[in-house]
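Visitor: Before anything else, here's the structure in question.
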Amino acid sequence: MAVVSTATAAATPTHQHVTVNRPNPVSVGTIVWLASELMFFAALFAMYFTVRQTMPAEEWALQADKLNITFSTINTIVLVLSSFTCQWAVFKAEQFKPSRSGKLFQFWTWGMHEWLTMTYLMGAFFIGGQIFEYTELVHQGLTISSSPYGSVFYMTTGFHGLHVTGGLIAFLFVLGRSFAAKRFGHHEATTTIVTSYYWHFVDVVWIALFAVIYLLR
């Protein structure tokens, strides 16, 4: 009887419960939306290269020489570094640590609020630098209607600047939601994460714009 029982137990299949991890719908929706934004910027790049192909090389070079490469490089570095501070904010959000645990200048104790605020300030610095650059170029006679080069320059960089401004508004929303929440939880962390997707996206797009407009003149 013992042998029969053992054989019966061995023949009985064991059912394994498989846990299915569904993707976060907010993250999926954000990624799909960013894909559409990528197509928008692809159209801007196509416009830029089309105008460059049809415009006389001498006139193009004359307009491109008005760009301040050094200043734009500094502005670009600030924006790229803001992606790192944004990602640190994500790390702290995933750890459910909204605020710092030490003094303000002890950045290693910062929480999501401090890292996201730093990201906001760096993004605001970039926008301020872009406005300053526009002002200098207008004084040099480069406007959106002065030449085809001016049109494509202001349209490509201007639309990107609007996207950065949108990211800054999103940061304010994330911070406001976090402060208003009685307890920092998954909803607040998810909001921080999907906003970081957008910020990394605009940073990568700017790197491509900077390389094309400022380096491949």
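The values are calculated or read from the model by the stated rules, or taken from the named source; none is laboratory data. What you see is a predicted model, and the numbers here were worked out from it, not measured in a lab. Counting neighbours? That spans all protein chains shown, and the Cβs are built from the backbone with ideal geometry, glycine included. Areas reflect the complete protein model, heavy atoms only, side chains present, ligands, DNA and RNA absent. Shrake-Rupley method; radii C 1.70, N 1.55, O 1.52, S 1.80 Å.
Visitor: Compute the helix-to-body angle for 25-54: its Cα long axis versus the longest principal axis of the chain, expressed 0 to 90° and rounded to tens.
Guide: Result, in degrees: 20.
Visitor: Take Tyr197, project a point 7 Å from its Cα along the Cβ direction, then tell me which residues of the range 85-99 have their backbone nitrogen under 12 Å from it.
Guide: Hits in the range 85-99 for Tyr197 at 12 Å: none.
Visitor: Same structure, new question: Rank-order 61-68, 119-126, 29-36 by packing density, defined as the average count of other C-beta atoms within 10 Å over each peptide's residues, highest first.
Guide: Sorting 61-68, 119-126, 29-36 by mean packing, highest first, produces 119-126, 61-68, 29-36.
Visitor: What is the magnitude of the charge dipole of the range 86-217 about its Cα centre, with +1 placed on the Cβ of each Lys and Arg, -1 on the Cβ of each Asp and Glu, and no other charges, expressed in debye to the nearest 20?
Guide: It works out to roughly 520 debye.
Visitor: Please work out the average accessible area per residue across the range 29-101, using the 1.4 Å probe convention, and give it in Å². Could you put the intermediate results ahead of the total?
Guide: Details: 4190 Å² over 73 residues.
On a per-residue basis, the range 29-101 sits at 57 Å².
Visitor: Measure nothing fancy, just the Cα-based angle from helix 2-11's long axis to the longest principal axis of the chain, in degrees from 0 to 90, nearest 10.
Guide: Taking Cα atoms only, the helix is inclined about 20 degrees.
Visitor: How far is helix 112-139 tilted, in degrees, relative to the longest principal axis of the Cα atoms in the chain, given as a value from 0 to 90 rounded to the nearest 10?
Guide: 20
Visitor: Can you pull out the trypsin sites (Lys or Arg not before Pro) in the range 68-110 that DSSP calls coil and that have at most 15 other Cβ atoms within 10 Å?
Guide: Lys103
Visitor: While we're here: Enumerate by residue number the trypsin sites (Lys or Arg not before Pro) in the range 122-196 meeting two conditions: DSSP loop (anything except H, G, I, E, B), and at most 14 other Cβ atoms within 10 Å of the site's Cβ. Write down the numbers at each step before the final one.
Guide: Values: sites: Arg177, Lys182, Arg183; in loops: Lys182, Arg183.
Passing both the DSSP loop test and the Cβ count: Lys182, Arg183.
Visitor: Here's a follow-up. For Lys103, give me every one of the aspartates and glutamates with a C-alpha distance below 18 angstrom, ignoring sequence neighbours fewer than eight places off in its own chain.
Guide: Of all the aspartates and glutamates, those that pass the test against Lys103 - Cα under 18 Å, at least 8 places apart if same chain - are Glu114.
Visitor: Could you grab the relative contact order for the range 87-217? Cα pairs under 8 Å, six or more apart, rounded to a whole percent. Show your work: numbers first, answer last.
Guide: On the way: 101 pairs, mean separation 35.4, N = 131.
This gives 27 percent for the range 87-217.
Visitor: Accessible area of the chain with a 1.4 Å probe: how many percent of it is carbon plus sulfur?
Guide: That share works out to 70 percent.
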